[in-house]
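Novice: Just passing along the structure, written as structure tokens.
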Amino acid sequence: MRREKTQVGIIGAGPAGLMLSHLLARTGIESVVVERRSREYIEKRVRAGVLEQGTVNLMRETGLGARLDREGLVHRGISLRFEGTDHRIAFDELTGGSTITVYGQQEVVKDLIAARIAAGARLHFEVEDASVHEIGSSTPRLRYTVRDEEVEVECDFIAGCDGFHGVSRDAIPVDRLTRYEREYPFGWVGILASVAPSSEELIYSSHERGFALLSMRSPVLTRLYVQCHRSDTIEDWPDERIWEELHLRLETDDGFALAEGPVVEKTIAWMHSVVTEPMQFGRLFLAGDAAHIVPATGAKGLNLAVADVRVLAGALDAWYRTGSTAALASYSATCLRRVWRAQHFSYWMTTMLHRFPGDDAFQRKLQLAQLRWVASSRDAAASLAENYVGMVRV
């Protein structure tokens, strides 16, 4: 077994793990990042695509903004569509100038990998049997196998950034964790279509037949979603059915025309919420999906991951510079304030826009009343806008 040392061992080369390594390097803290998937896989894996203002600012401030500024699509608002009419929520006007940027998670990952490799980072893909040990001690250990060689890395700290199905969270004694969870009785069928977006901004549509979302990944790629039943499979949704439902749910009284194109990707994802507390044990710290999952309705997943590691990087920097453990000790509490705010916002958006099994006419009337309130009240619209572009006060 090969034995090595580092300051921070990071499991997972998604946005959380890579951004943490990038932020640590800027303060002189070394790290090792291990990832079970291949570089090609994670650079092509299409996930979230909406970046909050704070995420965009961080990328620019840390030297990751060049391609983002060239290719990212800046949006100053979204449309809520119901009863055949669009109601625009103007983010910039309601938040003092903040916006969102559509820039796919895979593009963020590509930028981070390029930056880490250029900096000579210890970044290992396609590792096997990753595990963490002795996390309650002052020298936790990260073990893994790469190219048939077993490796053990002695660390000062370990960051679990390996997603919901990773190994990090399971390393914490089960009696030291509390898991809060809510499963929604529906999911989204999503397609990536090779066609120019039919709208310049995202459209969130609440329709009698269920929710629909028109998003985009580039000027020539449209991302579209339709609400589906929890029991559905991808085989239940041939392309023709998806397009038919999209036309119905996105139609407007003024004759909105949805452009169709070849479907280049089709997926189905279930809506659920999970929060694990605390997000730390000993010298193991969880970040991103390893600690929490939010419904995609609020566009918070990637942004929460970045917010977590920004806090963690600052806390680690304080420890190495001054020896203070205060920021590390409060890491979980600091992050969870934002996590629960994002959970509430995502829940609010999800319940306002989706149809639930068993909903009757009374429930639909309540839902429409809420949508009309958001569309007509500046204060209500400002609350949505502030949460969507990124919470400043948490």
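The values are calculated or read from the model by the stated rules, or taken from the named source; none is laboratory data. All values reported here derive from a predicted model rather than from experimental measurement. Ideal geometry is used to build each Cβ from the backbone, glycine not excepted, and the neighbour counts take in all protein chains shown.
Novice: Restricting to the stretch 226-272, and then to whatever is free of Cβ contacts under 8 Å to residues at least 40 places away in the same chain and under 20 Å from Arg47 (Cα atoms), can you tell me which residue is surrounded by the fewest Cβ atoms within 10 Å (Cβ to Cβ)?
Specialist: Thr233
Novice: Let me ask another. Which of the residues that make up the stretch 4-60 are basic (Lys, Arg) and modelled with pLDDT of 95 or more? Step through it out loud before you land on a result.
Specialist: Filtering the stretch 4-60 down to residues basic (Lys, Arg) leaves 5, 26, 36-37, 39, 44-45, 47, 60.
Of everything in the stretch 4-60, those that are basic (Lys, Arg) and modelled with pLDDT of 95 or more turn out to be Lys5, Arg26, Arg36, Arg37, Arg39, Arg60.
Novice: Next question, about the same structure. Looking at Val294, Val309, Val374 in this structure, which one is touching a helix residue (DSSP H, G or I) at 6+ places or on another chain (Cβ under 6 Å), touching a residue at least 24 places away in the same chain (Cβ under 8 Å), closer than 27 Å to Thr101 by Cα and outside the structural domain of Gln7 (by TED's automatic domain parsing)?
Specialist: Numbers: Val294 fails: outside the structural domain of Gln7 (by TED's automatic domain parsing); Val309 fails: outside the structural domain of Gln7 (by TED's automatic domain parsing).
Result: Val374 is the single residue among Val294, Val309, Val374 that is touching a helix residue (DSSP H, G or I) at 6+ places or on another chain (Cβ under 6 Å), touching a residue at least 24 places away in the same chain (Cβ under 8 Å), closer than 27 Å to Thr101 by Cα and outside the structural domain of Gln7 (by TED's automatic domain parsing).
Novice: For the stretch 172-186, what are the residues that are in contact with a strand residue (DSSP E or B) (Cβ under 7 Å, 6 or more places away or on another chain), surrounded by fewer than 16 Cβ atoms within 10 Å (Cβ to Cβ) and closer than 13 Å to Trp270 by Cα?
Specialist: Arg182, Glu183, listed by residue number.
Novice: Looking at the stretch 221-257, which of its residues are among the aliphatic types (A, V, I, L, M), modelled with pLDDT of 95 or more and within 27 Å of the chain's Cα centre (by Cα)?
Specialist: Those that are among the aliphatic types (A, V, I, L, M), modelled with pLDDT of 95 or more and within 27 Å of the chain's Cα centre (by Cα): Leu224, Val226, Ile234, Ile242, Leu246, Leu250.
Novice: Please work out if Leu64 is surrounded by fewer than 22 Cβ atoms within 10 Å (Cβ to Cβ), in contact with an Asp or Glu (Cβ under 6 Å, 6 or more places away or on another chain), free of Cβ contacts under 8 Å to residues at least 60 places away in the same chain and of a type outside the set (Val, Ile, Thr). Quick ask: steps written out before the conclusion?
Specialist: On the way: surrounded by fewer than 22 Cβ atoms within 10 Å (Cβ to Cβ): yes; in contact with an Asp or Glu (Cβ under 6 Å, 6 or more places away or on another chain): yes; free of Cβ contacts under 8 Å to residues at least 60 places away in the same chain: yes; of a type outside the set (Val, Ile, Thr): yes.
Yes; evaluated as a whole, the condition is true for this residue.
Rundown of residues vs (1) of a type in the set (A, V, I, L, M); (2) assigned by TED's automatic domain parsing to the domain that holds Gly166; (3) without any contact (Cβ under 8 Å) to a residue 12 or more places away in the chain, yes/no style:
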position	(1), (2), (3)
Ser38	no, yes, no
Glu43	no, yes, no
Val50	yes, yes, no
Leu58	yes, yes, no
Arg81	no, no, no
Ile89	yes, no, no
Lys110	no, yes, no
Ala118	yes, yes, yes
Val132	yes, yes, no
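Novice: Quick check on my filter: what residues within the stretch 108-132 are in contact with a strand residue (DSSP E or B) (Cβ under 8 Å, 6 or more places away or on another chain), crowded, with 16+ Cβ neighbours inside 10 Å and not in a loop (DSSP other than H, G, I, E, B)?
Specialist: Val108, Ile113, Arg116, Arg122, Leu123, His124, Ala130, Val132 - these are the residues of the stretch 108-132 that are in contact with a strand residue (DSSP E or B) (Cβ under 8 Å, 6 or more places away or on another chain), crowded, with 16+ Cβ neighbours inside 10 Å and not in a loop (DSSP other than H, G, I, E, B).
Novice: Within the stretch 183-226, track down each residue that is part of a loop (DSSP other than H, G, I, E, B) and not hydroxyl-bearing (Ser, Thr, Tyr).
Specialist: Let us first name the residues in the stretch 183-226 that are part of a loop (DSSP other than H, G, I, E, B), namely 194-202, 208-209, 219-220.
Correct list: Val195, Ala196, Pro197, Glu200, Glu201, Leu202, Glu208, Arg209, Pro219, Val220.
Novice: What number of residues in the stretch 320-337 are under 17 Å from the mean Cα position of the chain (by Cα) and surrounded by 19 or more Cβ atoms within 10 Å (Cβ to Cβ)?
Specialist: Residues of the stretch 320-337 under 17 Å from the mean Cα position of the chain (by Cα): 335-337.
Then keep just the ones that are surrounded by 19 or more Cβ atoms within 10 Å (Cβ to Cβ); that gives 335-336.
The number of residues fulfilling the criteria is 2.
Novice: Being surrounded by fewer than 17 Cβ atoms within 10 Å (Cβ to Cβ) and assigned to a loop (DSSP other than H, G, I, E, B) is the filter here, so list the residues in the stretch 135-165 that pass it. Steps first, please.
Specialist: Of the residues in the stretch 135-165, the ones surrounded by fewer than 17 Cβ atoms within 10 Å (Cβ to Cβ) are 136-139, 145-150, 152, 154, 164-165.
Residues satisfying the conditions are Gly136, Ser137, Ser138, Thr139, Arg147, Asp148, Phe164, His165.
Novice: Another question about this same structure. Have a look at Tyr320, Tyr347 and point out the one that is in a helix (DSSP H, G or I), touching a residue at least 24 places away in the same chain (Cβ under 8 Å), within 26 Å of Leu250 (Cα to Cα) and not small (Gly, Ala, Ser). Quick ask: steps written out before the conclusion?
Specialist: Working: Tyr320 fails: within 26 Å of Leu250 (Cα to Cα).
Tyr347 is the lone residue from the list that is in a helix (DSSP H, G or I), touching a residue at least 24 places away in the same chain (Cβ under 8 Å), within 26 Å of Leu250 (Cα to Cα) and not small (Gly, Ala, Ser).
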